[in-house]
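K.L.:
Mind having a look at this structure? Questions to follow.
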Amino acid sequence: MRWRYFLITLGFFAAFAALAVNLYNLQFKKTDYFFAKVKSQYLASGTLEASRGNIYFVDKNDNLILAALNKDYDAIFAVPKEIQQIKQADIKIYSEKLSSIVNMPVEDLEKKLSKKNDQYELLVFKATKDQLQKIKDLNFRGIYIDKQKARFYSFGKLASHLLGFVSPANEFESLKYGNAQIGRYGIELHFNDYLAGEPGNFEGDKIVESKNGQDLILTIERNLQARAEEILKKLVNDWQAEAGTIVVQEPATGKILAMANFPDFDPNDYSKSDLKNFPNQAIQGVYEFGSVLKIMTMAAGLDSGKITPETTYIDKGSATFNGRTIKNWDDKIYGKINMADVLEYSVNTGSVFAERETGHKIFLDYLNKFGLNELTNINLPGEVRGNMKNLKNGKDIHFATASFGQGISITSIALINAFSAIANNGVLMKPLISADEKPEAIRRVISPKTAETLTKMMVSVVEKNKITKIFNYSIAGKSGTAYIPDFKNGGYTDEVINAYVGFLPVKNQQKFTILIKLDKPAGIPFANSTVAPAFKELAEFIINYYNLSPDNI
């Protein structure tokens, strides 16, 4: 019997020894192998990537509306290390077979597949059904299909310039962001770190988990944005214009409620759009806006006490400075008129008179106080400042033309912000695009009394010209038509910028400032024919959508 116990005991010891050896091999000798395998799986599955935060619009009741989110797409990727371990595998043959499927040059594929110890190389981010089927038919070891999260924009082209888009990180960016997508324009770029979060990584034999990005709520009112874009698209197409912009702002807070540009693009498929369509012209384009600037000229004169609405002068139809003659836009001679008349009839020489009465230095000081020559610091990338360099030389002709909006260039965001200051009793606010930002007063530009007087003059302009008048509502506004400079040959072209800026309702606390700009409409029309009717259409939508009470019964 003892030999039986001996054999049984020996068997147990042998089995235990085998288990111990196997455990040793697993824990020590093959640790690197299994960790590499786990690492490869993590990289391929995207587990180490941080989930990008969502972007939201709002509606008039502050309900959140999802504008940008993450969605699963089919991706094609390679594991170069695995391919290199296959005896029969020829990287050149792999590359030649894959090239036409993944739309990548053979040389680039060879470089990717030849990287030593590389566990993951993305070949196609959003693969088509045709690409997926061809990869399946090819059945190459080391080439895989998997689900990956990518950015999806719920409303397609809506607010495309504002939102921007994302694309995969390049080799340098991947050092910080891993395989995450990186913001390239707009909100996606400006708030990239906030939205992107922090990717996970490997520290020795440990996996450090990722930290997801944060959500971002914008001040953009979804329905107002959509209506603004509809009106703008029709306006540009009807007048065969090159481009256009609409911005809507809440004067008391500085909130941007809508920001539209056309032509637009689809951020879900940005590669099919022309690169020139990506910049946000509301903040990245400078323009000579024409007669809308007469409002700022009057503001400077009224607030400095140099003129009043009743101040008169004798218009002779033209004025000459530094050898150059200025005429009225309609070639008329108005004779004796006052400053209110100057705005109502948009008299160029009357605006020149107002500027000269005010004085060059005071006039320029007010342009600067209105923020027309500085950045607004809106939380969007690539904002540029206006250009008033020609006023530095102090020439009378340059100040004369500046008084009616020619010879100085301004961004749309700076111009609407200046008009909003008038609507806000003379206080300039920082324009806001994120709902988390608190309203920030920059400075007082004009006194409340001046703001009230100027508003009445602007209302009179609307009443006189009738084009943007809405029954039972008081509206303050001004149109402008400016010739576009000839940057190649000097002087001006025969193409124009049409603009209309105004606010409503005048007597209620809840106000809306609207800017509409049209670039190079065919036929060289005046603003009253193009942007003024569009302004009225958008104003009527705002009145009905926000259920604004009449203020001029």
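The values are calculated or read from the model by the stated rules, or taken from the named source; none is laboratory data. Keep in mind it's a predicted model, so treat the numbers as computed, not measured. In this analysis, Cβ positions are derived from the backbone assuming ideal geometry, glycine residues included, and neighbour counts consider all displayed protein chains. In case anyone asks, the SASA skips ligands and DNA or RNA and just uses the protein heavy atoms, side chains included. Shrake-Rupley method; radii C 1.70, N 1.55, O 1.52, S 1.80 Å.
K.L.:
Go through the range 428-474 and report how many residues are in a loop (DSSP other than H, G, I, E, B) and among the aliphatic types (A, V, I, L, M).
P.N.:
5
K.L.:
List the residue pairs whose Cβ atoms are under 8 Å apart, where the first residue sits in the range 321-340 and is at positive phi, the second is exposed (fewer than 12 other Cβ atoms within 10 Å of the Cβ), and the two are 6 or more positions apart or on different chains.
P.N.:
335/314
Table: residues versus (1) crowded, with 22+ Cβ neighbours inside 10 Å; (2) closer than 30 Å to residue 432 by Cα; (3) in contact with a strand residue (DSSP E or B) (Cβ under 8 Å, 6 or more places away or on another chain).
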| site | (1), (2), (3) |
| --- | --- |
| 304 | no, yes, no |
| 319 | no, no, yes |
| 331 | no, no, no |
| 369 | yes, yes, yes |
| 383 | no, yes, yes |
| 397 | no, no, yes |
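K.L.:
Within the range 428-454, can you find the residues that are over 20 Å from residue 347 (Cβ atoms) and of a type in the set (S, T, N, Q)?
P.N.:
Hits for the range 428-454 are 434, 447, 450.
K.L.:
Which condition breaks for residue 232 when tested against (1) of a type in the set (A, V, I, L, M, F, W, C); (2) under 19 Å from residue 118 (Cα atoms); (3) assigned to a helix (DSSP H, G or I); (4) open to solvent by less than 60 Å² (accessible area, probe 1.4 Å)?
P.N.:
(2)
K.L.:
Give all pairs with beta carbons closer than 9 Å in which a residue from the range 66-77 that is more than 17 Å from residue 132 (Cβ to Cβ) meets a residue that is charged (D, E, K, R) and open to solvent by 40 Å² or more (accessible area, probe 1.4 Å); count only pairs at least 6 apart in sequence or on separate chains.
P.N.:
67/222; 70/149
K.L.:
How many residues are among the aliphatic types (A, V, I, L, M) and open to solvent by 30 Å² or more (accessible area, probe 1.4 Å) if we restrict to the range 429-443?
P.N.:
The qualifying residues number 3.
K.L.:
Which one of the conditions (1) crowded, with 16+ Cβ neighbours inside 10 Å; (2) within 19 Å of residue 56 (Cα to Cα); (3) modelled with pLDDT of 95 or more does residue 241 fail to meet, given that it meets all the rest?
P.N.:
So the condition that residue 241 fails would be (2).
K.L.:
Could you list, in sequence order, all residues of the range 71-87 that are open to solvent by 40 Å² or more (accessible area, probe 1.4 Å) and either hydrophobic (A, V, I, L, M, F, W, C) or part of a strand (DSSP E or B) (or both)?
P.N.:
71, 72, 73, 74
K.L.:
Take the range 268-302 and flag every residue that is open to solvent by 30 Å² or more (accessible area, probe 1.4 Å) and charged (D, E, K, R).
P.N.:
269, 272, 274, 276
K.L.:
Scan the range 523-553 residue by residue and report those that are within 27 Å of the chain's Cα centre (by Cα) and either among the aliphatic types (A, V, I, L, M) or not in a helix (DSSP H, G or I) (or both).
P.N.:
Within the range 523-553, 527, 530, 531, 532, 534, 538, 539, 542, 543, 546 qualify.
K.L.:
Cβ-Cβ under 6 Å, sequence separation 6+ or interchain: first residue in the range 528-545 and among the acidic types (Asp, Glu), partner open to solvent by less than 40 Å² (accessible area, probe 1.4 Å). Which pairs?
P.N.:
The qualifying pairs are 537/231.
K.L.:
For residue 425, indicate whether it is free of Cβ contacts under 8 Å to residues at least 24 places away in the same chain and either assigned to a loop (DSSP other than H, G, I, E, B) or open to solvent by 10 Å² or more (accessible area, probe 1.4 Å) (or both).
P.N.:
Details: free of Cβ contacts under 8 Å to residues at least 24 places away in the same chain: no; either assigned to a loop (DSSP other than H, G, I, E, B) or open to solvent by 10 Å² or more (accessible area, probe 1.4 Å) (or both): yes.
Against the criterion (free of Cβ contacts under 8 Å to residues at least 24 places away in the same chain and either assigned to a loop (DSSP other than H, G, I, E, B) or open to solvent by 10 Å² or more (accessible area, probe 1.4 Å) (or both)), residue 425 does not qualify.
K.L.:
Tally the residues that are closer than 21 Å to residue 406 by Cβ, modelled with pLDDT of 90 or more and open to solvent by 40 Å² or more (accessible area, probe 1.4 Å), restricting the search to the range 494-531.
P.N.:
Total meeting the criteria: 7.
K.L.:
Let me ask another. For the range 101-215, list the helices (runs of 4 or more DSSP H) that sit wholly inside it and hold at least 1 residues that are at pLDDT below 80; which are they?
P.N.:
174-177
K.L.:
Against the condition over 27 Å from residue 76 (Cβ atoms), open to solvent by 30 Å² or more (accessible area, probe 1.4 Å) and of a type in the set (D, E, K, R), how does residue 146 come out, does it pass? Quick ask: steps written out before the conclusion?
P.N.:
On the way: over 27 Å from residue 76 (Cβ atoms): no; open to solvent by 30 Å² or more (accessible area, probe 1.4 Å): yes; of a type in the set (D, E, K, R): yes.
For residue 146, the condition - over 27 Å from residue 76 (Cβ atoms), open to solvent by 30 Å² or more (accessible area, probe 1.4 Å) and of a type in the set (D, E, K, R) - is not met.
K.L.:
I've got another one for you. Can you tell me which of (1) under 20 Å from residue 287 (Cβ atoms); (2) part of a loop (DSSP other than H, G, I, E, B); (3) out of contact with any Phe, Trp or Tyr (no Cβ under 7 Å at 6 or more places or on another chain) is the one residue 401 doesn't meet?
P.N.:
(2)
K.L.:
Can you find even one residue in the range 410-421 that is modelled with pLDDT of 95 or more, farther than 24 Å from residue 447 by Cβ and surrounded by fewer than 24 Cβ atoms within 10 Å (Cβ to Cβ)? Break it down into steps so the answer makes sense when it comes.
P.N.:
Filtering the range 410-421 for residues modelled with pLDDT of 95 or more gives 410-421.
Within this subset, residues satisfying the condition of being farther than 24 Å from residue 447 by Cβ are 411-413.
From what is left, the residues that are surrounded by fewer than 24 Cβ atoms within 10 Å (Cβ to Cβ) are none.
Scanning the range 410-421, I find no residue that is modelled with pLDDT of 95 or more, farther than 24 Å from residue 447 by Cβ and surrounded by fewer than 24 Cβ atoms within 10 Å (Cβ to Cβ), so the answer is no.
K.L.:
Among the candidates 138, 175, single out the residue that is under 16 Å from residue 97 (Cα atoms), of a type in the set (A, V, I, L, M, F, W, C) and open to solvent by 30 Å² or more (accessible area, probe 1.4 Å). Walk me through it before giving the result.
P.N.:
Details: 175 fails: under 16 Å from residue 97 (Cα atoms).
Criteria check complete, one pass: 138.
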